[in-house]
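One structure below.
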Amino acid sequence: MKEKIEEIRKNAKDMIDEIVDLQELQELKVKLLGKKSELSSLLKGLGAVAQEERPKVGAWVNEARKEIEEKISEAEKIFKEKAMAAKLESEKIDITAPSTKIIRGSKHPINRVIEEIQDIFVSMGYDVVDGPELETDEFCFERLNLPQGHPARDMQDSFYITDEYLLRTQTSAVQARTMLANEEKSPIRMICTGKTYRREDDATHSHQFNQVEGLVIDYKDRNTSLADLKGTLEVFMKKMLGPNTELRFRPSYFPFTEPSYEVDVTCFKCGGKGCPLCKKTGWIELLGSGMVHPRVLEMNGYDPEKYSGFAFGTGIDRLAMFKYGITDMRYLYANDVRFLSQFDRQDKE
Amino acid sequence: MILSKNFLKDYVDIDENLDIKTLAEDLTRVGNEYDLAQKLIPATKLIIGKVLECVDHPDSDHLHCCKVDIGNEVLSIVCGAKNVRAGIKVIVAQAGAELPEVTIKKGIIRGQESNGMICALYEIGLDKKYLSEEDKNGIHILPENAPVGKDPIEYLKLDDEIIDIELTANRGDLLSMLGLAYEVGAIYDNPVKELGLSHGESGEDLNNSFNVKVNTENCSLFIARKALNVTIKESPDFIKNRLIACGIRPINNVVDISNYVMIECGQPLHFYDADRLGDTIETRMAASGEKLTTLDGIERTLEDTDIVISDGKRAIGLAGVMGGLDTEIEETTKNVLIEAAVFNSVRVRKTSKKIVRSEASNRFEKGLDPNRTYMAMERAVKLLEKYADATIQTGKVVYDVANKEEKKIDIKVKDINDLLGTDISLDDTLNVFRRLAFKTEVNGDVITVTVPTRRIDISIKEDLIEEVGRIYGVNNIVGKLPVVPMKLGHVDKTDREIRNKMISLGLNETLSYILINDKDVHKYTNDGFEELRLLDPMTEERNTLRYSLIPSLYKIYEYNKAHYTKDVCIYEIGKGFWKREEERGEDKKLCALMTGEYYLGLDSKKQVDFYIIKGVAEEVLDYLGYGNRYSFVLPKQTLTEFHPGQVAEINVNGEVVGVIGRIHPEISKDAVYVLEINLDKLLAKKVGKMKFKEISIYPTVNKDIAVILDKDITSDEVSKVIKKAAGNLLVSSKLFDVYTSAILGDKKSMAYSLTFGSNTKTLTDDEINPIMEKIIEALEKNLKAELRK
């Protein structure tokens, strides 16, 4: 009997060794260990074995069975590993091939700069306010101390729709709106950004362009002075153009401020050494600013005896051109996708 | 305004060694920018030479070979001028000389040595407009006595330096050498010198024989004087050269004097041939349609807003703008009537804008000092007496309603320091006013400043503060940040959020012009509005304000297509403008245009189609919080520019807020899809706060269902029926397949995946099966659907 079991065991081992795939192994497993297998029949036939022999034979059979099971499971493991390896091999791809993605969007450089400016001023407690682009003569000129026939109106030839309505020539129009809307006549700290329009079109001027306008009004005893204006613009410009930027204030004339100043900044191309961009002066004229004209305060409901303030404005297009090294203003409005799609990532602070 | 240093020095002392650039920078510092600061004749290495010998060049039909003595040597020079000859004295540019157009080098010209250049005046930098016919066509021939070896610029008294100053609109006073002298005097603390005004006069008082009439409020001052027996000739060099330096062409002594005095005093004068004038001069408004032939020979038709000068019968000049041809000063003029007047600046500006901007009109427009008008008159007759041998007739005829009083303004040092943020002392303040030649009087802490009438720009305290800031030096003021109560700044970030959403969906942001052509303004919309046209467009291409942004974006698409970009997915947030009844307004709109490939990748390319742009619209609406509140519906009226089968209006809470669709194939052969949402309309609809909803811990159950129904039944209709029949245990229903075939004919099969779930229990088949039956029943009943098995 022992020999028979031994033979079954040996045959089984040989058969397992000859198996080539998992499928055959499963079939062999049934054949060797299933209900109809030799080992099973041996156990079934145990009744015919002498009483005292039975435990011994039973143990032999179980031992053999266990051994075969282990052998099969070992083989099974190897086959599974092989199968997995083969499957993985077959699924191997070229990881350098192009990815699948949605096309990438981008934000227009002008709006990038607008958002940056808004963030700078909001962090200093300014409100960002909005105003109409189709303005009335009243808000664009009259309330800013530019009555009909004022020579400064020549400085900005405008797009009129009617005698009364025009496309705003400057974001300053929002100054008067903000002052009038403030019924308690409380202090104001605001900026306004947006589109402005003038009747000119050449290599360096677009008839549509963008400005930012700032207005601070406070009680006179808090000393909202020219020194504060200078400090504010220094913070603004150094943040936009870099910490080495210097500012130069030049007395100038705007009807809505008195005194008025034009502000030059260190040429952003040459750093002040002098180059064609700054006409070898080392300076770029960038902002207009000044102390709010008492007439403007008065016309818009703020008593100039009690309040004073400052205002400033600058063109955003040139800031954007500098910031991204854009060589021609016309790129900003051509909307060539090859231009737009370059502004497609987070910008470094 | 061009400043001539030689001219300026007549009125104020300046350091001889002061560099012109430094002067220009100093003027800039006090608020007067400049375009140019240089020598009047910037050419270098020029020397007076005498042509000793001049023979024809052996290998040329027009060149000459000259030997030119320049004092310490004799140069061989090849010269092409027709008027070069032996014996004349000429301007020689030596080797190394830098002329405006060329740098002179030693060289060989057609085999002949040439070590310099004999110059024409225009070659050394004098504009041809100042030159005689002879000088325009050849080299300049110097007088016999010109000293060989010396500097010709100095010899010609052209050794001047100039600054081209850009004045601000309020500083009309600086349109004169005298005004600039006050400015320069204030900078360097030097007093301004007086102008010589004394002259003789003789004969009967002009008032007895001549009338000045003013019949308009647009003339506040009119002075007339007569200069008799003038000799018309060439002006002395200093007058000619100074006019040239200031950009004015010398003509003859009389005309030049009127210009000279204008530059000197800032007061334009007009000289009439008195013998062609009569005994009256009148200032009045023109009659509408009145004709006048101006100096330039052009017949002008006038309007009743133009101020004219008349001889009592007809117009003889446009006040402040241009004189008439009939009374012009000519070579034969004997007697001159001089006009010095002040006209309304706005009227002069309107007229000059229409006719011609001139040196005179520019000064009238900026406003004049009436005291200076009197001064200019006296100065003019003095110069006529001296340089035109005139006899000045006794008396002047005057009409004067001008305000000639000096303004007095009170100011405290505290006012100055409060506004400037400075710590300037009383002494420093008074010092600034003294330098500006403003009189002051101190009473306690109040300074009363008397502002000279020349400074018409100063009328309030703040103007004086500006003066102090200017002269004290604004760059001496130290910047600081305002000390104000801390407060939150506010910015509405909705636009920014939308932008970021659109970018994450793969769209490029554009920035287009709001001005478009009127023929496009009503496209892509059925909204009723009146278009807003510009009164005076720059081009017809941009004559109207846009209503929809789609025409703008479509133009951008066309541009890019023409520039080799097929895949265009762009968006913009901008304004659209309208007029309804008498109301004008503007709405903020979001517009997108998509065409070409949307997904990229090896095996997963996907062209933009209606459902992609619909997805973009839904993404935006969902992101802004309008989920479940919108639907896409067929437009009630045909939208002509859209594909009739691929267009929808976006409806939020029953209001149309936008449109999406494919552009009509007749407009674009390519499949181009657009989306526009009126953000003002949309965002006016309130959205609740974002809030957490409890997550169910029980499993959900999925059931698929497929039905066959009429092709025309929309997905929306099927969804609505399913949702209504299913009740609140239905978590979601998704259409995952639509199938049509020849066998199905005019029917289609639609397959939905339904998910059921509950927050309180695990659902069983006993609960779900009846719901499924209800759904099937409802679909059969409402949509004549047939369950597909």
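Quick notes on this structure:
- Qualifying residues in region A:308-349 (those that are among the basic types (Lys, Arg), over 17 Å from the mean Cα position of the chain (by Cα) and more than 10 Å from chain B (Cβ to nearest Cβ)) - the one surrounded by the most Cβ atoms within 10 Å (Cβ to Cβ): A:Arg318
- For the residues A:Glu38, A:Glu18, the requirement of being assigned by TED's automatic domain parsing to the domain that holds A:Ala86 and surrounded by 11 or more Cβ atoms within 10 Å (Cβ to Cβ) singles out A:Glu38.
- For region B:490-516, the set of residues classified as in a helix (DSSP H, G or I) and within 7 Å of another protein chain (Cβ to nearest Cβ) consists of B:Arg496, B:Arg499, B:Met502, B:Ile503, B:Ser504, listed by residue number.
- A:Glu184 meets all of the listed conditions (1) at the interface with chain B (Cβ under 9 Å from one of its Cβ atoms); (2) free of Cβ contacts under 8 Å to residues at least 40 places away in the same chain but one, namely (1).
- For region A:231-269, the candidate set comprises residues that are among the small types (Gly, Ala, Ser) and out of contact with any Lys or Arg (no Cβ under 7 Å at 6 or more places or on another chain); within that set, the residue that is farthest from A:Glu115 (Cα to Cα) is A:Ser252.
- Hey, B:Asp567 more than 9 Å from chain A (Cβ to nearest Cβ), surrounded by fewer than 24 Cβ atoms within 10 Å (Cβ to Cβ) and in contact with an Asp or Glu (Cβ under 7 Å, 6 or more places away or on another chain) or not: no
- Checked against the criterion of being among the hydroxyl-bearing types (Ser, Thr, Tyr), buried (at least 21 other Cβ atoms within 10 Å of the Cβ), in a helix (DSSP H, G or I) and assigned by TED's automatic domain parsing to the domain that holds B:Tyr387, region B:222-241 contains not a single residue that satisfies it.
- Within region A:109-135, the set of residues being under 21 Å from A:Ser186 (Cβ atoms) and hydrophobic (A, V, I, L, M, F, W, C) comprises A:Phe121, A:Val122, A:Met124, A:Val128, A:Val129.
- Selection from region A:254-287 of residues that are aromatic (Phe, Trp, Tyr) and over 20 Å from A:Gly214 (Cα atoms): A:Phe268, A:Trp283
- Filtered by the rule that a residue be surrounded by 14 or more Cβ atoms within 10 Å (Cβ to Cβ) and either facing chain B (nearest Cβ under 7 Å) or part of a helix (DSSP H, G or I) (or both), region A:120-137 gives A:Ile120, A:Phe121, A:Val122, A:Met124, A:Gly125, A:Tyr126, A:Asp127, A:Val128, A:Pro132, A:Glu133, A:Leu134, A:Asp137.
- Single match in B:Lys575, B:Lys589 (criterion: assigned to a strand (DSSP E or B), away from chain A (no Cβ under 11 Å), touching a residue at least 24 places away in the same chain (Cβ under 8 Å) and closer than 20 Å to A:Asn111 by Cα): B:Lys589
- Residue in region B:638-648 that is loosely packed, with under 12 Cβ neighbours inside 10 Å, part of a loop (DSSP other than H, G, I, E, B), outside the structural domain of B:Val718 (by TED's automatic domain parsing) and small (Gly, Ala, Ser) present: no
- Contacts under 8 angstrom Cβ, first residue in region B:600-613 being within 9 Å of another protein chain (Cβ to nearest Cβ), partner among the small types (Gly, Ala, Ser), 6 or more apart: B:Gly601/A:Ser99; B:Leu602/A:Ala97
- The set of residues from region B:465-482 being in a loop (DSSP other than H, G, I, E, B) and either more than 7 Å from chain A (Cβ to nearest Cβ) or within 30 Å of A:Arg345 (Cα to Cα) (or both) comprises just one member, B:Gly473.
- Hits in region B:525-564 (condition: within 11 Å of another protein chain (Cβ to nearest Cβ), in contact with a strand residue (DSSP E or B) (Cβ under 9 Å, 6 or more places away or on another chain) and closer than 26 Å to B:Met502 by Cα): B:Leu545, B:Ser552, B:Leu553, B:Lys555, B:Ile556, B:Tyr557, B:Asn560, B:Lys561
- Of the numbered criteria (1) surrounded by fewer than 18 Cβ atoms within 10 Å (Cβ to Cβ); (2) assigned to a loop (DSSP other than H, G, I, E, B); (3) more than 7 Å from chain B (Cβ to nearest Cβ), the one A:Ser99 fails is (3).
- All of B:Asn543, B:Asn526 fail the test of being touching a helix residue (DSSP H, G or I) at 6+ places or on another chain (Cβ under 8 Å) and either crowded, with 19+ Cβ neighbours inside 10 Å or under 25 Å from B:Phe642 (Cβ atoms) (or both), apart from B:Asn543.
- Top-ranked residue in region B:88-110 [being modelled with pLDDT under 90 and closer than 30 Å to B:Ser235 by Cβ; ranked as surrounded by the most Cβ atoms within 10 Å (Cβ to Cβ)]: B:Pro100
- For the condition facing another protein chain (nearest Cβ under 10 Å), assigned to a strand (DSSP E or B), surrounded by 22 or more Cβ atoms within 10 Å (Cβ to Cβ) and hydrophobic (A, V, I, L, M, F, W, C), A:Ile217 does not qualify.
- Test: residue in region A:201-209 that is surrounded by fewer than 23 Cβ atoms within 10 Å (Cβ to Cβ), in a helix (DSSP H, G or I), away from chain B (no Cβ under 11 Å) and in contact with an Asp or Glu (Cβ under 9 Å, 6 or more places away or on another chain): no
- Lone qualifier among B:Lys685, B:Lys723, B:Lys693, B:Lys703 - being of a type in the set (D, E, K, R), farther than 22 Å from B:Lys747 by Cβ, modelled with pLDDT of 90 or more and part of a loop (DSSP other than H, G, I, E, B): B:Lys685
- Residue that is touching a residue at least 24 places away in the same chain (Cβ under 8 Å) and either away from chain B (no Cβ under 11 Å) or closer than 30 Å to A:Gly125 by Cβ (or both), where the choices are A:Arg198, A:Arg177: A:Arg177
- Subset of region B:603-629 that is among the hydroxyl-bearing types (Ser, Thr, Tyr) and surrounded by fewer than 19 Cβ atoms within 10 Å (Cβ to Cβ) - its residue that is nearest to A:Ala97 (Cα to Cα): B:Ser604
- Against the criterion of being assigned to a helix (DSSP H, G or I), free of Cβ contacts under 8 Å to residues at least 12 places away in the same chain and within 27 Å of the chain's Cα centre (by Cα), A:Asn62 does not qualify.
- When A:Tyr165 is tested against (1) hydroxyl-bearing (Ser, Thr, Tyr); (2) surrounded by fewer than 23 Cβ atoms within 10 Å (Cβ to Cβ); (3) within 13 Å of chain B (Cβ to nearest Cβ); (4) farther than 24 Å from A:Gly301 by Cβ, only condition (4) is not met.
The values are calculated or read from the model by the stated rules, or taken from the named source; none is laboratory data. Worth saying up front: this structure is predicted, and the values here are computed from it rather than measured. Using ideal geometry, Cβ is built from the backbone for each residue, glycine included, and neighbour counts are taken over all protein chains shown.
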